[in-house]
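Working notes, beginning with the structure itself.
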Amino acid sequence: MSSGGGKYRLDARLGGGGMAEVFVAATVCAEGFSRKVAIKKVLPGFSDNPQFAQMFVAEAQISSRLEHPNIVSVTDFDRDAEGRLFLVMEMVEGKDLDGLLQTGLLPFPVVVYVITETLRGLGYAHDLPVSKDLRGIIHRDVSPHNVLLSWEGAVKVSDFGIAKAKAASEATASVFIKGKPAYMSPEQANGRPLDGRSDLFAVGVMLWEMLVGTRLFVAEDTRATLAAVLFGQIQRPRSIRGDVPKDLERITMKLLERELPARYATADEAVSDLLDCQAAPKNGRDELRRILGERFPHQVPVRQSAMRSQGGSPTPVAVLAPTIAGPMSHPSVSAKMRAETGTIMPGDRPRGNGLKIAAVVGITVVTALLAFAIVSGLKKRGAQPTPVVDAAVVAILDAKIAGLPDAPPADAGLSADAPPPPPPVVDAGTKLGVEHPKKYGALKVNAFPVVKVYIDGAFRGEASGSLTIANVLVGTRKVRLFNPDPDNAHDETQAVTIVEGQTASVQRSK
């Protein structure tokens, strides 16, 4: 079989997901010249879908600009004889990070090297000039499946399939989730505007898992995973594994800060701290190559010099191409490392304005309410927070993932032709241990000039004249009226009592 008008020969299928499949291929050139490549080809039918075709073209356009030693390069983009879109990518022969982690804990110098090289690639993308007024590309799907490790010790970030230019992400933050839930930043799970710090949080999740040897955000389905990302307790690695170096723990926790100002501002800052660690390797590439050789002795190609000294012959090379839209299956997966990590892509459901507004406003409200409650409880009790999730969170997460199947288990085989399984029915009260809010009232805000309205720290809208806010929890609420405009500057906070079924009123004091 061939692709791209005979330019490429497809040799073997590596795997497939919901929308595309990946092949080992080779170039077809004059005089028998050939080079091994990986080809990511859209499944039949999707190339004719305007929305998906546009997304795939955008991936090609973004990927073509990424030229860095720590990023898988894209060399061509075309349609085959059947009209199917495909990308031609650099072939990375080796393993992905997820496959290596299944073999057990790694030496700390190897951990530092892999994370540092991953951050170098992401940092380059985050600072890439895209146009005159646009700078930076955000990956949005960083995970161990998308970090490729060559037998020669190179580390490369792959699959910028849902990446976006920074300004575009700020303008079009989607209510519908894209990415692997267990590696999302809180702001990505909330559908908020993103910058490069979102990718850094995902790197923090990977670093935590490499140090501890288990998944960080473990949950039984996508809904519960997102709740854990937003509100779950993040334990310090040393509380689980006592020999983790203190400097590595500090870096990990800074990458995992939920509040953006507390997180690393850039990948370069994190790299600088990693290189100052006591565990920083002198030659990380050689150490990674050695570990790969020890963990996969029957797959690593034997160097000619070693072959001659041992009187043997090279073993076959196992190949790995960049991942595709959807999880790739692995032959064996440690039970300790299994989690919901499948990629969620946009569904074909109509995206009504009501759903978008409810999801965006609702998730912001619940996030702030829970954060306020947790902080208040900690001040009173001096205890560590316990991830108790409000039923409203479950409802909003349902809205965000409506119509999208949960990811299959990591060891489940994938069939490109089989329909996705239906999402499981989850009783929020029994599976997440939630307390159901039962009493709501409303709040009417009268203000001129315009003010931004915050209830218990959560933004609820702008009042210019009059604004009525429904579904406000009963009790005494802190209502902040705020206008940052220097000409109409205003900032006041009032305590307002909300009564079930009634509408309380508040107005700007001056």
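Bear in mind these aren't lab numbers, they're just calculated from the coordinates by the rules spelled out. Just so we're clear, the structure is a prediction, and the values are computed from it rather than from any experiment. Backbone-built Cβ (ideal geometry, glycine too); neighbour counts: all protein chains shown.
Structure summary
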{"read-out": "DSSP-defined beta bridges in the stretch 440-507 - what % are antiparallel, rounded to 5", "value": "85"}
{"read-out": "Highest average packing first - 106-117, 39-50, Cβ atoms within 10 Å", "value": "106-117, 39-50"}
{"read-out": "Packing rank of 210-217, 281-288, where each peptide gets the mean count of other beta carbons within 10 Å, highest leading", "value": "210-217, 281-288"}
{"read-out": "Cross-link pairs K40/K282; K41/K180; K36/K156; K95/K282; K41/K254; K246/K478 - those with Cα-Cα distance over 29 Å", "value": "K40/K282; K41/K254; K246/K478"}
{"read-out": "Quotient of Cα Rg and 2.2 N^0.38 Å for the stretch 2-90, N being how many residues it contains", "value": "1.06"}
{"read-out": "Extended-chain gain in nm, criterion 0.36 nm per residue less alpha-carbon gap, D491 and K478", "value": "3.4 nm"}
{"read-out": "FRET efficiency estimate (nearest 0.05) - Cβ-Cβ, E31 to Q502, R0 60 angstrom", "value": "0.10"}
{"read-out": "By average C-beta atoms within 10 angstrom, highest first, the peptides 238-248, 64-74, 182-192", "value": "182-192, 64-74, 238-248"}
{"read-out": "Difference of contour (0.36 nm per residue) and Cα-Cα distance, T103 to Q61", "value": "11.5 nm"}
{"read-out": "Full-stretch length increase - R236, N471 - with 0.36 nm per residue and alpha-carbon distance subtracted", "value": "80.9 nm"}
{"read-out": "At R0 = 35 Å, FRET efficiency that the Cβ-Cβ distance of S73 and D276 yields, to 0.05", "value": "0.70"}
{"read-out": "HN-Hα J in Hz across the stretch 447-463 - Karplus 6.51, -1.76, 1.60, θ = phi - 60°, x for Gly and Pro", "value": "7, 7, x, 4, 9, 7, 10, 10, 10, 6, x, 9, 5, 10, x, 10, 9"}
